[in-house]
Amino acid sequence: MATGYKAVRYRFSRKVAAEIRAFFGLRHAATPTMQILDTFADIRMDDTDQDGWTVRNPVTGHYRCFINLEMPRNRTRWTMAHEIGHILLGHIQDVSLDGVPDDVLNVMEREANVFAEELLMPWEFFEGHALRNLPEWAEHMEVSQEACAWRLLQIPRVYPSSGRQRLGLTDSDFTLLMAQCAAAVIGTKAIV
Ligand SMILES: [Zn+2]
C-alpha cells in the first residue's frame, strides 16, 4: 500500500475537502466538524494524551474516531477535520495507521492537514470580511491563531496581485496583518 504515497497529493486532498463542503452546503466560516465526522465515523472520547486517532473495522469497513475533547475547542475542531481527512483520503486501509512506515505516514499526515485546512479555511471564507487582526480571523474561522496565520501567510503566493482586495483590507492593514501572522508562526512548524 506504500505505493502512491511517495508525494503529498495537494490537489487531490483539497479537491476532496471542497467536495465535502459542497455536499454539506458549507458557504460560511465555522465548518461543523463534529457533524461531518459523525457522518463518517462513530465518535468516541479519547482518554489518552493524543489529540485524536481513527480505527477501521476491517470486516464492516466502519470507522471509529477517538477524539480528545479536553483540548482547546479550536484545536479539537482541527483534529476532527484532520481525522475526516484520513478517512476520506483512504489512508486507513488496515485497522489503523499503526505500523505504517514513517515516510508514508509523513505524507499521510501532510495530506490530512491539507484537507483540514481546505475544509476549515477555504479562500471564499475570507472574502470581503475585512477583519484587520489575526485573532479576529481565527475567531471567525474557529481555528487556532497558529493555523489561521499559516493559512493567511499563503495569500501573497496564491493571490499575488489581489490578496488584500480579497480580504477587503487597505495596503497598510494588509501589511500589518501579514506581519502579525509572521510573528505568530515564528518557532512553529508549518502545518501543511
Ligand atoms: Zn493524522
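When residues in region 75-116 are screened for being away from the ligand (no atom under 11 Å from the Cβ) and surrounded by fewer than 18 Cβ atoms within 10 Å (Cβ to Cβ), 11 of them pass. Close Cβ contacts (under 7 Å, 6 or more residues apart or on different chains) running from residues in region 83-99 that are within 11 Å of VAL16 (Cβ to Cβ) to residues that are acidic (Asp, Glu) comprise GLY85/GLU111; LEU89/GLU111. ARG44 meets the conditions (1) among the basic types (Lys, Arg); (2) more than 15 Å from the chain's Cα centre (by Cα); (3) within 16 Å of the ligand (Cβ to nearest atom) in every case but one. The failed one is (3).
Taking the criterion of being under 24 Å from LYS189 (Cβ atoms) and surrounded by fewer than 19 Cβ atoms within 10 Å (Cβ to Cβ), the residues of region 124-135 that qualify are ASN133, PRO135. I'd like to check something: does region 128-148 contain any residue that is in contact (Cβ under 8 Å) with a residue 40 or more places away in the chain, more than 27 Å from GLY25 (Cβ to Cβ) and within 16 Å of the ligand (Cβ to nearest atom)? No; the residues of region 128-148 include none that is in contact (Cβ under 8 Å) with a residue 40 or more places away in the chain, more than 27 Å from GLY25 (Cβ to Cβ) and within 16 Å of the ligand (Cβ to nearest atom). For VAL158, the criteria (1) crowded, with 16+ Cβ neighbours inside 10 Å; (2) free of Cβ contacts under 8 Å to residues at least 40 places away in the same chain; (3) away from the ligand (no atom under 16 Å from the Cβ) hold in every case but one, which is (1). Of the strands (runs of 3 or more DSSP E) lying entirely inside region 1-91, those carrying at least 2 residues that are closer than 18 Å to LEU105 by Cβ and of a type outside the set (A, V, I, L, M, F, W, C) are 52-56.
Values in this text are rule-based calculations from the coordinates and carry no lab data. No experiment lies behind these values; they were computed from the predicted model shown. Virtual Cβ from ideal backbone geometry, glycine too; neighbours counted across all protein chains shown.
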